[in-house]
1. Please list, by residue number, every one of the trypsin sites (Lys or Arg not before Pro) in region 139-197 that is coil in DSSP and has at most 15 other beta-carbon atoms within 10 Å.
2. Which loop-located chymotrypsin sites (Phe, Trp or Tyr not before Pro) does region 57-99 contain, where loop means any DSSP state but H, G, I, E or B and the Cβ has at most 16 other Cβ atoms within 10 Å?
3. What size of dipole, in debye to the nearest 20, comes out for the chain about its Cα centre when the only charges are +1 on Lys and Arg C-beta atoms and -1 on Asp and Glu C-beta atoms?
4. Quote the Stokes-Einstein diffusion coefficient, in whole µm² s⁻¹, for region 155-254, based on the Kirkwood radius over alpha carbon pairs, a temperature of 20 °C and a viscosity of 1.002 mPa s.
5. Could you grab the Rg to Rh ratio for region 94-184? Cα atoms only, Kirkwood for Rh.
6. At a threshold of 8 angstrom on Cα-Cα distance, excluding pairs fewer than six apart, so keeping six or more, what relative contact order does the chain reach in percent?
7. Can you give the extra length, in nm with one decimal, that the chain gains between Ala240 and Asn264 once fully stretched, where that is 0.36 nm per residue apart less the Cα-Cα distance?
8. Mind ranking 207-216, 110-119 by how tightly packed they are, going by the mean number of other C-beta atoms within 10 angstrom, highest first?
Amino acid sequence: MRGARTAMAFLGMAVVVLAAASAPAQVSLKDPTGDDNGPGTYVYPTDAVYAAGAFDITAFDVETKGSDVVFKVTVRSKIEDPWDSKSWPGGGNGFSLQFVQVYVDTDHKDGSGFRDGLPGLNVRFQPASAWEKVVLLSPQNRPRLQSEVSTKAGALKAGVVIPKSTRVQGKTIIAVVDAKDLGGAPAKGWGYAVLMQSNEGFPASTDLLTRKVNELAGQHRFGGGSDWDCDPQVIDLVAAPGKGGADEVAAQHAMLQYTCDPNNPDGSPKVELPMVYP
C-alpha cells in the first residue's frame, strides 16, 4: 500500500512538472524611458502631432488566452489619432503615428529562420537570433498590410503575421493573433525583438510602411540619422534583459550604431540585432 501511495505521489509530481513545462509562457518586459532616439542621435519630427514620448516604449507583454495570443506594446504618452485613421482608405485601427514590428524567435537555433528585417528597417538579426515570425502592430488595416507584404516582403512574407485585430487603449497598442499563426502558443525559450518605428502611409516603393529617419528633422521626418538610407529606421527597441534599467539605454545605443559608406551607401553593413530571451 505504501508503495502504491509513493508511486501515485511521483505520478502526481510528474503531471505537475509536465503541465508547467507545456504551459504557455507569459512575457512581461520593461524598457527605460527617454531612449526614443535610436542610436542616441535621433530626434522627433517638428510637427506638434509627434508628441514627446509617443514612440518611447515602456513595456511589452504577451499573454495567451485560449487559442489567441495577445501582444501589448505600451509607450510613455497617450496614443493619439491625429489624422483620424478611420477615414483612411487603408486605416481604421484608431491610431496614426506608431508602427511596431515584433520579431519572434521560436527555436533559438543558429541558421534557423530569417535574418533580414522587413524592407525599410535597415536591420538584420544575429545568427542565433534569426526569426521565424514577425507580428505587425500597425495603424493600417488588414487588406493594406496584406498588399504591402505581398508586394514588398519577398521570401520574408512566409513569416509575417497580421493580427486578427489591433486597437489602442490609453498608452497601449493591443494586437490579437491566432496562436496557430505563430506555430503555437508562446513557450519558454522564445525570443522577442520589439522595434518601434513611425508609420508611413505613402512609403518608398521598396519600404514596408516605414517613415525614414533623415539627417535633418522636418515636419514629418525624424532627424539625426543619415540621408544615405543606411541608418536603422528604429526609434526605440526593448534591450536585454528587459528590466527597464539605465544600462539598457546604453545597450540600445550600441546595438543601433551604424556605419555609412558614402561611396557605396547600399552596400553599407546593416546593424545586427540580438533578441531578448525572457
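Computed from the coordinates by the stated procedures, all read-outs in this text should not be read as laboratory data. Only a predicted model underlies this, so the values are computations on that prediction, with no experimental measurement involved. Neighbour counts are summed over all protein chains in view; Cβ atoms, including those assigned to glycine, are modelled from backbone coordinates with ideal geometry.
1. The qualifying sites are Lys164, Lys188.
2. Those that pass, being in a loop and sparsely packed, are Trp83.
3. Values: 26 positive and 31 negative charges, 264 e Å.
Taking the Cα centre of the chain as origin, the dipole is about 1260 debye.
4. Diffusion coefficient, whole number: 131 µm²/s.
5. Numbers: Rg = 13.3 Å, Rh = 13.8 Å.
Rounded to two decimals, Rg/Rh equals 0.96.
6. With pairs under 8 Å counted, the relative contact order is 24 percent.
7. Value of the extension gain: 5.4 nm.
8. Values: 207-216: 20.7, 110-119: 17.7.
Highest mean packing first, the order is 207-216, 110-119.
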